[in-house]
Structure formats: structure tokens, C-alpha cells
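Quick note: the coordinates plus some simple rules give every number you see, no bench work behind them. Note that this is a predicted model, so its numbers are computed, not measured. As a convention, Cβ positions derive from the backbone with ideal geometry for all residues, glycine included, and neighbour counts pool all protein chains shown.
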Protein chains: 2
Amino acid sequence: MDGRHARGVHTRRVTLARAVDIATVDGLEGLTLGRLAAELQLSKSGIFAHFGSKEELQLATISFAEEVFTEHVLRPAFQAPRGRPRLLALFDRWMDFSRARVFAGGCFFTAVMAEFDAREGRVYDVVVRWSRVWNELLGRLISECVEEGHLPEGVDVDQLVFELSALGRAANHDSLLTREDSHYDRATTAVRTRLGASG
Amino acid sequence: MDGRHARGVHTRRVTLARAVDIATVDGLEGLTLGRLAAELQLSKSGIFAHFGSKEELQLATISFAEEVFTEHVLRPAFQAPRGRPRLLALFDRWMDFSRARVFAGGCFFTAVMAEFDAREGRVYDVVVRWSRVWNELLGRLISECVEEGHLPEGVDVDQLVFELSALGRAANHDSLLTREDSHYDRATTAVRTRLGASG
DNA sequence: AAGTTATACGAACGATCGGTCAGATAGTGT
DNA sequence: ACACTATCTGACCGATCGTTCGTATAACTT
């Protein structure tokens with residue numbers, strides 16, 4: 001079951017890649033074994049065997065999305081210099097990630113957060129944990145801005161975290177809903193203004 | 001079918017009230033006839049007869065949520081004086097509406113917008129229309145702030161609409177996810193700051 | 001080449017999905 | 001009281017859900 005052969009590893013990756021696309025559009029609950037099997041031209045039971053349960057498939061899909069997000073957003077952002085450049089790089093990479101539709105339905109975590117907001121269970125728990133990690137990361141980068149003298153001493157870090165996250169998520173949702181790109185510019189503009197003048 | 005008798009009207013209202021609660025937690029797609037019937041102790045076919053299709057049930061649920069939202073948020077907000085007081089009243093009522101959990105899963109429209117973002121069909125169409133109406137309303141109230149001299153002439157109305165909407169929706173989602181109220185204060189603080197000093 | 005194990009399949013499971021229909025039950029108008 | 005119609009039920013439809021299981025096929029090991 002725990003993929004020793006190359007064939008199994010490949011199938012698992014292909015399956016999860018498809019699962020993430022489905023989940024960002026129709027939700028992790030709209031993700032179904034039958035549909036996955038049909039689209040991948042595999043048998044339902046074959047896919048099922050890789051995960052053991054629907055919930056495990058959902059959790060594996062989240063893990064896969066984390067990897068992709070890390071590769072496309074977190075890693076490149078950390079190549080920018082500490083302080084304001086790194087914070088802005090993170091935000092811009094995040095917006096690029098959503099805008100480029102790396103996943104068919106935009107940012108996976110924004111979508112799944114909204115879907116599991118009000119629920120309970122293992123998926124909810126994972127989403128909460130991810131949300132906390134994300135906020136802590138934003139908070140750390142903001143604190144580094146203060147340390148580097150790119151933001152004033154007295155700034156309310158948690159408040160700023162909330163606002164940046166809000167703007168990014170709204171840009172993602174609004175661009176999906178209206179099928180227009182303009183909201184990303186609104187978000188980056190707002191972030192720049194909020195962090196103080198120069199780009 | 002078009003409710004002439006008092007009994008039918010009542011059943012329909014009770015059904016939709018329950019439907020809205022279910023939909024804000026598990027989504028309009030997670031809303032099922034069987035569950036609705038079980039929770040209301042009615043027959044599946046009895047409920048079905050009121051709406052004719054699942055999609056019509058979803059659309060009726062949206063209409064019902066609109067009524068409640070209008071009653072709890074829009075109407076009272078318009079009792080505040082034109083300009084800044086009315087804009088702030090609208091935002092505060094919105095936040096109160098979410099915080100009070102008038103619907104079990106917070107703000108219905110924030111939830112459904114996120115759910116149908118990336119989809120297509122009649123429900124998506126209605127959500128897009130509602131989103132546009134909401135943005136136009138916000139835009140109008142902001143413009144009135146300018147006219148009343150409560151905001152400077154050159155303000156970018158659409159940009160402000162985006163930011164206010166973003167902050168409100170994020171407060172709703174974050175409060176649901178973390179089960180804490182503090183995010184509403186973050187949103188109202190941010191809005192006050194963004195609109196300029198005094199409350 | 002043979003043996004072993006990972007991988008995938010196909011048929012079937014009970015449960016639930018949205019939806020249909022004939023008939024029982026209730027409410028309204030006369 | 002009667003007829004009429006709105007409302008609601010219960011049995012049933014085909015499709016799909018997640019899941020199980022026995023079996024075939026591939027891929028590695030030796």
C-alpha cells in the first residue's frame with residue numbers, strides 16, 4: 001500500500017494532481033472517487049486502494065497542495081532579501097499563484113478554508129493548523145520588516161496579518177467570481193498603501 | 001404548487017430557514033432533500049414538491065437568505081444618516097449579523113460566493129448578480145460619503161469597495177475557522193483606519 | 001526463470017442521491 | 001355538508017456514493 005514501486009508513486013501523484021484541480025473548483029466534498037476514476041481512466045477501486053478512505057484522499061490532496069504551494073510561493077519568496085522585499089515577494093507570489101490558475105479553481109487553501117470553516121473533523125483540524133502556520137509566517141515576515149526598519153516599531157503585527165490575508169483571499173475569490181484579473185491589482189495596491197509608500 | 005393555503009406557506013418558510021442553516025455550514029451542494037426531510041420530520045417528496053428540483057431549492061434558499069439579510073443588515077443600516085454614518089452602520093450591521101450567527105455558518109453570501117466561485121450554472125449566475133449588487137451598494141454609500149464631505153474628493157471608490165468587502169468577508173471566515181470573535185474587531189478597526197480617523 | 005509483492009481491476013455491497021407517481025389527508029370556498 | 005384543490009406521504013426509480021473483496025497483472029528480487 002505504501003508505494004514501493006515506481007508505477008504506484010506515479011499513479012498517486014497523477015491522481016492527487018487531478019484531485020487538487022477538482023477540489024479547488026467543486027470542493028473537497030465534491031471530490032469523488034467515481035469522478036476521479038472516470039477522468040483518469042482508472043478503476044474506482046484502484047484509486048481507492050491508494051488511500052484507504054475518502055477522508056485520507058482528502059488529507060492527501062491537502063498535503064499535495066501544500067507541496068505545490070511551497071514550491072510556487074514560499075520557496076521563491078524566501079530568495080528575496082529579509083524585510084519588506086521578502087514580505088512583498090510572498091504576497092506577490094501568492095497572487096501570481098492564484099492568477100496563473102496553477103490549480104483550476106485558484107488558491108486551494110482559500111477555497112478549502114471557506115469550505116470547512118464551519119465544520120468539524122480531521123479535515124477541519126488540518127485546515128485550522130495550516131491557517132495558523134500561514135498567519136505565523138506572515139507575522140514573522142512582518143516582524144522582520146520592523147527589525148529591518150522597513151516598518152515602524154509600534155505596528156500591530158496581528159492586525160497587519162489579518163489585513164494582508166483578507167486582501168489576498170478576496171482578490172482570489174473576486175477574480176474567480178467575476179472572471180477578471182483586476183482584483184489582484186486592487187490587492188497589491190492596497191498592500192503597498194497599507195505598508196507605506198514606496199514599492 | 002404556488003402556496004395558496006396557509007399550511008403550505010408555513011412549511012415552505014420552515015424548510016427554507018432550515019435550508020439556509022444547512023447551506024451556510026455544509027454548502028448549497030451539501031444541502032440534500034433527504035437530510036432536510038429527516039431534520040424537519042417531513043417526507044422527502046413532500047419537500048421536493050415545494051420546489052420542483054434541487055436547483056430551485058437552492059435558488060429559493062438564496063432568495064430566503066436575501067430577505068433575512070435585508071431585514072437584519074440593509075434596512076437598519078439605511079436608518080443611519082447619509083454619508084459616513086450609513087456606511088459604517090452597514091458594515092457594523094453586517095459584522096453583527098455574522099457574529100450573531102443568525103445563520104449557523106455565519107454570513108450566507110460569503111459562504112456561497114466562495115463555494116460557487118469557480119463553477120457555472122444558474123446558482124453561479126445568481127451569486128454573481130448578488131455580488132455585483134452588493135458592490136454597487138457599497139460604492140453608492142462611499143460616493144455619498146464623498147458628497148457629504150466625509151471622504152476626500154479624489155478617493156478611489158472601487159478600490160475602497162474591494163477593501164471593505166475583503167475585510168468583512170475575512171472576519172466572517174476567520175471567526176468561523178478559529179471559533180473566536182476577535183477578527184470582527186480587526187475588521188472594524190481596519191475599516192475605521194482606512195476611512196480616516198474619527199469613529 | 002521463478003517467486004514475491006505491489007498495483008490495478010471488476011463485480012458487488014448497502015446507503016443515499018435527485019426525482020416520479022398514485023393515493024391519502026387536510027384546508028378552503030360555496 | 002359537499003366538492004375542490006392544495007398539501008403531504010410512501011413506495012419506488014436509476015444513478016452514484018464510499019467501501020469490500022477475490023483475482024488478474026504488472027514490476028521488482030533473487
**Request:** With the cut-off at 32 Å, report for the stretch B:6-195 the share of all Cα pairs above it, as a whole percent.
**Result:** 21 percent
**Request:** Please report the relative contact order for the stretch B:58-166, taking Cα pairs under 8 Å with a sequence separation of at least 6, and give it as a percent rounded to a whole number.
**Result:** 27 percent
**Fill in**
Stokes-Einstein D for the stretch B:100-199 (25 °C, 0.890 mPa s, Kirkwood Rh from Cα pairs), in µm²/s, comes to 164 µm²/s
**Fill in**
The residues B:Arg75, B:Arg4, A:Arg101, sorted from fewest to most surrounding Cβ atoms within 10 Å, come out as B:Arg4, B:Arg75, A:Arg101
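Out of the GluC sites (Glu not before Pro) in the stretch B:98-139, which ones are loop residues according to DSSP with at most 15 other C-beta atoms within 10 Å?
Working: sites: B:Glu115, B:Glu120, B:Glu136; in loops: B:Glu120.
Counting only loop positions with at most 15 other Cβ atoms within 10 Å, the GluC sites (Glu not before Pro) in the stretch B:98-139 are B:Glu120.
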**Asked** Whose amide H sits under 5 Å from the amide H of B:Arg119, counting only residues 5 or more places off or on another chain, with H placed in the peptide plane?
**Response** none
**Item:** From phi via Karplus (6.51, -1.76, 1.60), per-residue ³J(HN,Hα) for the stretch A:110-118 in Hz, x at Gly/Pro
**Value:** 4, 5, 6, 4, 5, 6, 9, 2, 9
**Qualifying chymotrypsin sites (Phe, Trp or Tyr not before Pro) in the stretch A:119-199, DSSP loop, other Cβ atoms within 10 Å at most 16** = none
**Complete:** Along the stretch A:159-176, Karplus-curve 3J(HN,Hα) (6.51, -1.76, 1.60; θ = phi - 60°) to the nearest Hz, with x for Gly and Pro, reads 4, 5, 4, 4, 5, 4, 4, 4, 5, x, 5, 5, 4, 4, 4, 5, 5, 5
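Which chymotrypsin sites (Phe, Trp or Tyr not before Pro) from the stretch A:1-86 combine a DSSP loop assignment with at most 16 other Cβ atoms within 10 Å?
Working: sites: A:Phe48, A:Phe51, A:Phe64, A:Phe69, A:Phe78; in loops: A:Phe78.
The qualifying sites are A:Phe78.
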**Message:** Can you work out the Karplus-derived ³J(HN,Hα) for every residue in the stretch A:28-33? Use 6.51 cos²θ - 1.76 cosθ + 1.60 with θ = phi - 60°, whole Hz, and x for glycine or proline.
**Reply:** 5, 7, x, 6, 10, 5
**Item:** Sequence-distant lysines (8 or more away, or on other chains) whose Cα lies within less than 22 Å of B:Lys54
**Value:** B:Lys44
**Request:** Determine the relative contact order of chain A: mean sequence separation of Cα pairs under 8 Å and six or more apart, normalised by residue count, in whole percent.
**Result:** 19 percent
**Request:** Two decimals is fine: what is log10 I(q)/I(0) at q = 0.15, 0.23 Å⁻¹ for the stretch B:45-115, from a Debye sum with one equal scatterer on every Cα and no solvent?
**Result:** -0.59, -0.99
**Fill in**
A correct Kirkwood calculation over the Cα atoms of the protein assembly as shown returns a hydrodynamic radius in Å of 22.5 Å
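What ratio of Cα Rg to 2.2 N^0.38 Å holds for the stretch B:37-76?
Details: Rg = 13.0 Å, N = 40, 2.2 N^0.38 = 8.9 Å.
So the stretch B:37-76 has a normalised radius of gyration of 1.45.
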**Asked** From largest to smallest, what semi-axes in whole angstrom does the stretch B:95-156 give when each is the square root of 5 times an eigenvalue of its alpha carbon gyration tensor?
**Response** 28, 18, 8
**Prompt:** How far is B:Thr32 from the same spot in each other copy, in nm, shortest first, if each label point sits 7 Å from Cα toward Cβ?
**Reply:** 1.1
**Item:** Per-q log10 I(q)/I(0), the stretch B:8-62, q = 0.29 Å⁻¹ (Debye; single scatterer per alpha-carbon; no solvent)
**Value:** -1.37
